[in-house]
Structure formats: structure tokens, C-alpha cells
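First up is the structure itself, then whatever we jot down about it.
Please treat every number below as a calculation from the coordinates, not as lab data. All values derive from a computational prediction rather than experimental measurement. We place every Cβ from the backbone using ideal geometry, glycine too, and count neighbours over all the protein chains shown.
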2 protein chains.
Amino acid sequence: MARKPADQTVDREDILSAAAEIFRHKGYEATTMKDIAAKVNLTAASLYHHFRNKDFLLLNVLEGGLDIGIAELENIAASDLSNTEKLGQMIRYHVVSVAENVEFAAAMIFEVRPLLNASGGNRYGGAKLMEEFRARRSRFIARRDYFEGLFRNVLLGGICAGEFRQVDAPTVTRAMLGGHNWVSVWYSDGGRLSAEDVADVMVDTWLAALRVSD
Amino acid sequence: MARKPADQTVDREDILSAAAEIFRHKGYEATTMKDIAAKVNLTAASLYHHFRNKDFLLLNVLEGGLDIGIAELENIAASDLSNTEKLGQMIRYHVVSVAENVEFAAAMIFEVRPLLNASGGNRYGGAKLMEEFRARRSRFIARRDYFEGLFRNVLLGGICAGEFRQVDAPTVTRAMLGGHNWVSVWYSDGGRLSAEDVADVMVDTWLAALRVSD
DNA sequence: GCGTCCTGACCGAATGTTCGGCCGGTTCTT
DNA sequence: AAGAACCGGCCGAACATTCGGTCAGGACGC
């Protein structure tokens, strides 16, 4: 047998998208290499030409998911807008991103634990693989904390500047991001509210929660 | 071989707690019957004396988790307090419950998907088992929606009564519960904030978000 | 002695991963 | 320009391992 008749080449991104989508409703552990391969018209064995093993595949999905929109959030955070403006734009952008990339957003919630428990290939791979895996995984976690920090800092800045009420920034940040991530669980495309609608509600809610009362 | 030497009898609740705890950091799919059994000093085979199979075990964990505190929430919701008072007490109670039962709360987030994908025992069990499993699973999901409804209704009531701002109740409810559930991910006992502290922040935040501005 | 609780041994079904080889396109040699 | 050598991408088959689940029976308390 040869390759599929006149098929378009399958590239890494295609596989990552397919994987993220399957992870979304089966979860990493329950997802088979065969499942992922089938979605891109390949064999399980073929996936190993693109990724070292299943753990690395997951790692790549998560790294890719985190990259979605982080640059734009940095831009907003670094702009010279007021903290109120910044936070509003960041929330809107984040929520829309989540709603438009549910598979990756869901992975950021549900597949981090599998990532942490993964060894990087204890079964067959040597110690070299484990080393690289752990390093990249650490970088991912650090980057994820940095992501949360972007929101927390704007919040802290706003509190110091007197734009926001005095609240416990770490907790409120987590409550906020928890609510945003949760969107990837219940949001459905074509539902009553569009991604922008949901984002509007979130922005309105959080700015109201932080507004100083006088 | 016989049973363990003179050890205290293991009861269903012990197994469920042990299971929930292991689920929390390995996830349902990655958790082995052996893992659970070991935690209560049993053999994997012994677990089948207490539960039909792995799927039913999960179902029991989730059913138990949902029962935690739902009665008290019903009481608060049915009381004759103002909607503001009701919501405040409900949030506080819910958040404290989550923080004090992280394993079960985490299961409510992470193990619902495994439950939905579970068949109830396609491998060995007959159609009877599948039937019962699906029925109980449906009841669980319905009860979970009802749980969300308790919060949404108080919110709606408060809006109609003019106690709260006009917001999109379904979305705000989900943002709220998303934030609460997320507590089970980041909260750690003995950390900077106690369960009550976290609950206070949440109550304060959400009441501020809903307060009518005049 | 009877039912409850528990156990070791075992089974069938998957799963992640490796391996040797096939195919089509590209590059090198002459 | 034509054939040879090569290579990336892909496959079928096989392997080791693991896991959920069953079964027949041993020990304990009543």
C-alpha cells in the first residue's frame, strides 16, 4: 500500500488540531494514538514520524494552546491605556479566544494534570527524552503562571492607582480566569450568545465587581 | 489466604473517599482499580464486592460529591431572606464546601467527562447493567443542572426584585460557579487564605458585581 | 454452618511503541 | 536527459505490558 491517493500532505498543525479536538471529548488518557491518526487519515505508527511519543504530542498541544493570544495580551498589558481599559480589553480578548478555540482552551484545563503525571516516555525512551520532556514541561508551567500574572498585575496596578476597589488580587484573578476557562466547557457555537456576547457579559461583570464605590 | 489480619472493616464510604482522592491527582482513566484497592488495604478483586465495576464506582463518587451541601443550599434558597442575603450565604457555603472537600469538588469538574463517555460495563456486564447505569447517570446530570439552577434562580429573583443589576443570569451564574469550582484546583489547606477567607472574597466580589449603581 | 468479606490466579482486550519495508518525489551522476 | 541513489512520509505486523473483570475457594464472625 502507498500513501493515500493524491491526498494533501498532513502537517504537524493538522495533527495538533485533531488531537486537541479528540482530547476535548475523550480526554488525553482515553484517547488512542489510533483515534488521532484516524482523524487525519493516518496510521498510529505514522504519528511517530511527527512526534516522539504520546506525551510529547500532548506537550505540543498545550504549548500551542498557550501561545494562542498570549502575544496580544502582552501588548494590551504593556500599552499606556488605563488599567480599567486594559483589563476590559484583556478579558474580552481572552474570552473570545477561549470561545473560538474551545479545544485548546479545554486542553488548558483538563489536560494539564495528565501532563504533570506524564513521564515523557519511561517505557521505551531513554533518560535523554525524559530530560527534555521535563525541561519543556517546566517552561510551559512557568509560562502559564506568567499568563496568569499578566491579569494579576493589571489588577494590582488598578488597585494601586485607585481605579479598582481593594480586593485580594490573587484570589480575584483566579476567580476570573476560572470563569473564563469554564466558558470552554459550556459555550457552544451558534448558541444563544455569540463569543462576543459572552465576552461583553464578562467584561461588564468584572469591571462592575472592581469599580470603586463612592 | 484470608482477609487482612484484624483490620478494621472497610466500608463503602472509605473506598469512595480513597477513590476521589486518587482521582484528584491521577484522573479517572489513569487510576487503576489496584490503586484504589491499595489505598484501603484491599485487592483489586475485592472492590468488586462493593461496586459493580469501575464505572459504577465513579458514578458513586460523583453522586456522593453532589450530595455534599446540596441540602443546605436548598434550605438557604427556600428561606425568606432577601436575595442578596441568600446569594451571599450560598456562595460562602458553596466555596467553603469546595475547599473542605477538594477531592469531591475536583471530581465534579474533571470526572464528569469520563462519566459521560463511560458505558457502564459494555465489556462484560449485560444490557441490564448498562440500563441502570445510564438511568442513574441521567439522574446525576439532571441533579447537577438543578444545583446550578439554585444559584441562577436566586440571581433571577434578585434582578426582578431590583436588588441586583440587570445581567445575563445564565452566563453570570456559570462564571460564578466556574470560579468556585476552580477553587478546588488551586486551593491548598494551610495556605495564605483559609477556606473562609476565600469564601469572603468571593461573596464580596460577586455582591459588588451585582450591586445596583444609582 | 452459613453468609459476608476477601484473595490469588487467570483471561481477553487494548494500547503505546518499534521495526522493516514500500512508495513517490527529488537530487545527483553521467 | 535518463537512470541511479536517496529520502521523507507512511504502512502492516508484532511485542511487551497493563488493565478491567471473573472465578473458585479460604477465613472470619454470627
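Just one of the listed residues (B:58, B:42, B:47) is within 14 Å of chain A (Cβ to nearest Cβ), aliphatic (A, V, I, L, M) and either surrounded by fewer than 21 Cβ atoms within 10 Å (Cβ to Cβ) or within 14 Å of DNA strand D (Cβ to nearest atom) (or both), and it is B:58. The residues on offer are A:141, A:159, A:109, and the sole one that is closer than 19 Å to residue A:62 by Cβ, more than 9 Å from every other protein chain (Cβ to nearest Cβ), assigned to a helix (DSSP H, G or I) and β-branched (Val, Ile, Thr) is A:141. Here the stretch A:61-81 is the region considered, the condition is being surrounded by 14 or more Cβ atoms within 10 Å (Cβ to Cβ) and not in a helix (DSSP H, G or I), and the residue that is nearest to DNA strand D (Cβ to nearest atom) is A:68. Among the residues of the stretch B:15-34, is there at least one that is within 11 Å of DNA strand C (Cβ to nearest atom) and over 30 Å from residue B:177 (Cβ atoms)? Yes, the stretch B:15-34 has at least one match. Scanning the stretch B:171-191 for residues that are at the interface with another protein chain (Cβ under 8 Å from one of its Cβ atoms), of a type outside the set (A, V, I, L, M, F, W, C) and without any contact (Cβ under 8 Å) to a residue 40 or more places away in the chain yields a count of 4. For residue B:11, the conditions (1) more than 14 Å from chain A (Cβ to nearest Cβ); (2) in contact (Cβ under 8 Å) with a residue 12 or more places away in the chain; (3) surrounded by fewer than 16 Cβ atoms within 10 Å (Cβ to Cβ); (4) within 16 Å of DNA strand C (Cβ to nearest atom) all hold with the exception of (2). Restricting the stretch B:20-34 to residues that are assigned to a helix (DSSP H, G or I) and within 12 Å of another protein chain (Cβ to nearest Cβ), the residue that is nearest to residue B:116 (Cα to Cα) is B:23. For the stretch A:79-94, the criterion of a residue being away from chain B (no Cβ under 14 Å) and either closer than 27 Å to residue B:30 by Cα or near DNA strand C (Cβ under 9 Å from one of its atoms) (or both) is satisfied by no position. Taking the criterion of being within 14 Å of chain B (Cβ to nearest Cβ), over 30 Å from residue A:193 (Cβ atoms) and either part of a helix (DSSP H, G or I) or out of contact with any helix residue (DSSP H, G or I) (no Cβ under 8 Å at 6 or more places or on another chain) (or both), the residues of the stretch A:112-133 that qualify are A:114, A:115, A:116, A:117.
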